[in-house]
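Read the structure below first, then the notes.
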Amino acid sequence: MAENLIIRKVKKEDNILLAKMIRKVFDEHNAPQSGTVYTDPTTDNLYNLFQTPKSVLWVAEIDKQPMGCCGVYPTPGLNSDCAELVKFYLSNEIRGKGIGKQLMEQCINSAREMGFKYLYIESMPEFAKAVSIYKKQGFKTLDAPLGNSGHSGCDIWMIKELE
């Protein structure tokens, strides 16, 4: 499956499929909908959201189907040298194959190229497996949120200094 993998920037035609995939991941993990990406209206128009300067959304495409995504976004309220790692979701068919790591590394490289010195991420206990991946990638736990993501349902906050 991974031999047909393409990692590319989001396209307008990805909007519906990515929104469905993201919400399905929440449903699979019994994660809260309120105060999260699940009910965030921007989830339905990711292409437009990632036209924001100093942002990018990378999509893992297999056999012409978007199967995962991960992005970098200059969330309001963060310091100008810090971006948020956002919309990191993988369809259950591709989890555990190293594709998530590839997407995250692509985002870390993009953040560096855009001049960011830090990457911040928000999550929740329902995504414990993802949180363990963040820790392996060098993210450190914070005691409180940074910025104004509007995602009050998240209670795990982490940051990584980019070398």
Summed residue charge, Cβ within 10 Å of E163's Cβ, Lys/Arg positive, Asp/Glu negative: +2
Dipole magnitude of the range 2-161, debye to nearest 20 (Cβ charges: Lys/Arg +1, Asp/Glu -1, about Cα centre): 340
By average C-beta atoms within 10 angstrom, highest first, the peptides 91-99, 13-21, 52-60, 116-124: 116-124, 52-60, 13-21, 91-99
Kirkwood Rh in Å, taken over the range 75-163 so that all alpha-carbon pairs contribute: 13.5
Derived scalar couplings ³J(HN,Hα) [the range 142-154; Karplus, 6.51 cos²θ - 1.76 cosθ + 1.60; whole Hz; x for Gly, Pro]: 10, 8, 8, x, 10, x, 10, 6, x, 9, 5, x, 8
Entry for Rg and Dmax of the Cα atoms in Å (calculated from the structure that is shown) out of [x] 16.7, 48; [y] 15.5, 47; [z] 14.4, 41: [z]
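Hey, which of these cross-link pairs are over 28 Å Cα-Cα: K11/K135; K24/K101; K12/K135; K12/K136?
Values: K11/K135 30 Å; K24/K101 20 Å; K12/K135 32 Å; K12/K136 32 Å.
Those over the limit are K11/K135; K12/K135; K12/K136.
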Per-residue HN-Hα couplings for the range 70-80 [Karplus 6.51, -1.76, 1.60; θ = phi - 60°; Hz; x = Gly/Pro]: 6, x, 10, 9, x, 4, x, x, 7, 4, 5
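With a/c under 1.5 counting as rounded, go ahead and sort the range 109-153 into rounded, prolate or oblate using the C-alpha gyration tensor (a ≥ b ≥ c being the square roots of the eigenvalues; past the cut-off, prolate if a/b is larger than b/c, else oblate). Don't skip to the end; give the middle numbers.
Numbers: a/c = 2.10, a/b = 1.27, b/c = 1.65.
It comes out oblate by the Cα gyration axes.
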Fluctuation leader among P74, P41, P145 - the chain, Gaussian network, Cα springs under 10 angstrom: P41
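Let me have the 222 nm mean residue ellipticity of the chain computed from DSSP H runs of 4+ only, each contributing -39500 (n - 2.57), with the sum over all residues rounded to the nearest 500. Let's see the in-between values first.
Working: 4 runs with 42 residues, N = 163.
Estimated from H runs of four or more residues: -7500 deg cm²/dmol.
Once Rh is set to the Kirkwood radius over Cα pairs, what Stokes-Einstein translational diffusion coefficient, in µm²/s, holds for the range 1-74 at a temperature of 10 °C and a viscosity of 1.306 mPa s?
Values: Rh = 12.9 Å.
It diffuses with D of about 124 µm²/s by this estimate.
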Principal axis dimensions, the range 48-106 - Cα atoms, whole angstrom, descending: 36, 22, 15
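No lab work stands behind these numbers, since they all come straight from the coordinates. Bear in mind the structure is a predicted one, so any value in this text is a computation, not a measurement. We place every Cβ from the backbone using ideal geometry, glycine too, and count neighbours over all the protein chains shown.
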